[in-house]
Amino acid sequence: MKSVVTTVVSAADAAGRFPTSSDLESVQGSIQRAGARLEAAEKLAKNIDSVAQEAYDACIKKYPYLNNAGEANSTDTFKAKCARDIKHYMRLIQYCLVVGGTGPLDEWGIAGAREVYRALGLPTAPYVEALSFARTRGCAPRDMSPQALTEYNALLDYAINSLS
C-alpha cells in the first residue's frame, strides 16, 4: 500500500539516489498532518453508516431515473450494491487518512473502476454526486477540526476527480 513514505523511498530508489531534502520535507509535512488525518479517520469511522447513507440518498435524489426498471438502482439488490459501493469509497478514504497517502483509493477504488463501470453499464456520475455531497456535508467544527476537514476533503476531491 502506498503512503507518502513508501512513495518517497520508491521514487528515490527508482532514481538510484537517497531521498533529497525536498523528499524528506514532504514526509515531515505528512507526519505533521497525521494528527488531523487520524482525527478525520476516527470521526468518519463513528459516522460512516450515516455519511454513506446520506450520500447515497443525495445521489438518488439527483438521479431519480436510476430507480426506473432496468436501470442501475431498479431492484433492492442493485440498491444495496450501490449503497455498499458508496460506503466502500468512504472506507477507502478512511484508510487513506490513516496511511497518509492515496494508495488504498488508487489500488482498490480507482484502478480499473471506470472500465468495470463501463462494462457493467453503470454511470460514474452518481458516485461523483455521492462523494460531492459527502464533501459539502462536512462542517468544521461540528464534525471535525478545520485541519481534519481539509485532509478529509482533499481525499474526497481526489476520488471525485478520479471518477469524473
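FYI, it's all coordinate maths here, none of it is from the lab. For clarity, every value in this text was computed on a predicted model and none was experimentally measured. Every residue, glycine among them, receives a Cβ derived from its backbone with ideal geometry; neighbour counts consider all protein chains shown.
What are the trypsin sites (Lys or Arg not before Pro) within segment 1-34 that DSSP puts in a loop, where the Cβ has at most 13 other Cβ atoms within 10 Å?
Values: sites: Lys2, Arg17, Arg33; in loops: Lys2, Arg17, Arg33.
Of the trypsin sites (Lys or Arg not before Pro), the ones in loops of segment 1-34 whose Cβ has at most 13 other Cβ atoms within 10 Å are Arg17.
At what distance in nm do the modelled label points of Thr136 and Lys61 sit from each other, each positioned 7 Å from its Cα along Cα→Cβ?
Rounded to a tenth, the inter-label distance reads 0.9 nm.
Cut-off is 10 Å between beta-carbons; in what order do Phe133, Phe18 appear when sorted fewest neighbours first?
On the way: Phe133 21, Phe18 10.
The order, fewest Cβ neighbours first, is Phe18, Phe133.
Using the Cα centre of the chain as origin and beta-carbon charges of +1 (Lys, Arg) and -1 (Asp, Glu), tell me which of Thr124, Ala40, Thr7 is placed farthest towards the positive end of the dipole.
Result: Thr124, furthest along the dipole toward the positive end.
With charges only on Cβ, +1 for K and R and -1 for D and E, what is the dipole size of the chain about its Cα centre, in debye, rounded to 20?
Using only the charged Cβ atoms, the result is roughly 260 debye.
Output the relative contact order of segment 34-163, whole-number percent, from Cα pairs under 8 angstrom with separation of 6+ residues. Numbers along the way, then the final one.
Working: 136 pairs, mean separation 47.2, N = 130.
In percent, rounded to a whole number, it is 36.
With each run of n ≥ 4 DSSP H residues scored as -39500 (n - 2.57), what mean residue ellipticity at 222 nm is computed for the chain after dividing by its residue count and rounding to the nearest 500 deg cm²/dmol? List each step's numbers first, then the result.
Working: 7 runs with 115 residues, N = 164.
-23500 deg cm²/dmol, from helical runs alone.
Run the simple label-point estimate for Gln53 and Asp76 please: 7 Å along Cα→C-beta, distance reported in nm.
Going from the Gln53 label point to the Asp76 one covers 1.7 nm.
Using only Cα atoms, what Kirkwood radius does segment 34-163 have, in angstroms? Can you show the working numbers first?
Values: mean 1/r = 0.0675 Å⁻¹.
When all Cα pairs of segment 34-163 are included, the Kirkwood radius is 14.8 Å.
Net charge within 14 Å of Thr6 by Cβ-Cβ distance, Lys/Arg positive one each and Asp/Glu negative one each, not counting Thr6 itself?
Values: positive: Lys2; negative: Asp13, Asp23, Asp106, Glu107.
Summing Lys and Arg as +1 and Asp and Glu as -1 gives -3.
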